[in-house]
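This is the structure I want to talk about, given as structure tokens.
Please treat every number below as a calculation from the coordinates, not as lab data. If you're wondering where the values come from, they're calculated on a predicted model, not measured in any experiment. Every residue, glycine as well, gets a Cβ built from its backbone with ideal geometry; the counts of neighbours run over all protein chains shown.
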């Protein structure tokens, strides 16, 4: 068990829920950050780079009193990073791209505590069944996945009906590999 209070540098309701399930005491503090990344870095480094920027932005505004946990999840399909959809058309395009294929969900995690940094990336492989146009449109219109990398949430309808298999941490696909985060927090 980890009993120290932390700051979650994320507005993701899924990350908040996962920490609540793990019974971690936390406050949410978010600072706006740029989610772009330099070209030429690996996919793991990309997720960690964005998470680090989120953590550093919160430390700058809130100080370094409590450990700060930040995460960023990216989806990689056909060796391309797929971000959050900008609108309905983009969400449909993304889901059609993922249909019938395997993709990677990579979450970069950064924990900052009094000048110390712990970081890692966790990867889960997700295989989608082929999705029909009707399934894709139904999901986008009913669940509006515009705040989700890859335009889907595994815990919603599309995950229940469209995912063939996953290889790795289910919770990583939700946005935070909680058990690994707890292991890292216990190293503080």
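Given the C-alpha centroids of the range 103-135 and the range 147-161, what is the distance between them in whole angstrom?
13
Could you work out the pair-distance distribution P(r) of the chain from its alpha-carbon pairs, with 5 angstrom bin width and percents rounded to whole numbers?
1, 8, 17, 20, 19, 15, 10, 6, 3, 0, 0
Just to confirm the number: angle between the C-alpha axis of helix 133-143 and the first principal axis of the chain, 0 to 90 degrees, nearest 10?
For 133-143 against the chain, the angle is about 40 degrees.
If you rank 174, 1 by fewest surrounding Cβ atoms within 10 Å, what's the result? All intermediate terms of the calculation are to be shown ahead of the outcome.
Details: 174 23, 1 7.
With the sparsest Cβ surroundings first, the list reads 1, 174.
Just to confirm the number: angle between the C-alpha axis of helix 88-98 and the first principal axis of the chain, 0 to 90 degrees, nearest 10?
Helix 88-98 and the main axis of the chain meet at about 80 degrees.
As a test of the formula, what do you get for the chain when each DSSP H run with n ≥ 4 contributes -39,500 (n - 2.57) and the sum is divided by the residue count, at 222 nm and rounded to the nearest 500 deg cm²/dmol?
Details: 7 runs with 70 residues, N = 188.
Using -39500 (n - 2.57) per qualifying helix, the result is -11000 deg cm²/dmol.
Follow-up question, since we're still on this one. Arranged from highest to lowest average of other beta-carbon atoms within 10 Å per residue, in what order do the peptides 113-119, 165-171 appear? Walk me through the numbers on the way to the answer.
On the way: 113-119: 13.7, 165-171: 15.6.
Averaged packing, sorted descending, gives the order 165-171, 113-119.
Still on this structure, please answer the following. By how many degrees, 0 to 90 and rounded to 10, does the Cα axis of helix 43-62 deviate from the longest principal axis of the chain?
The two axes meet at around 50 degrees.
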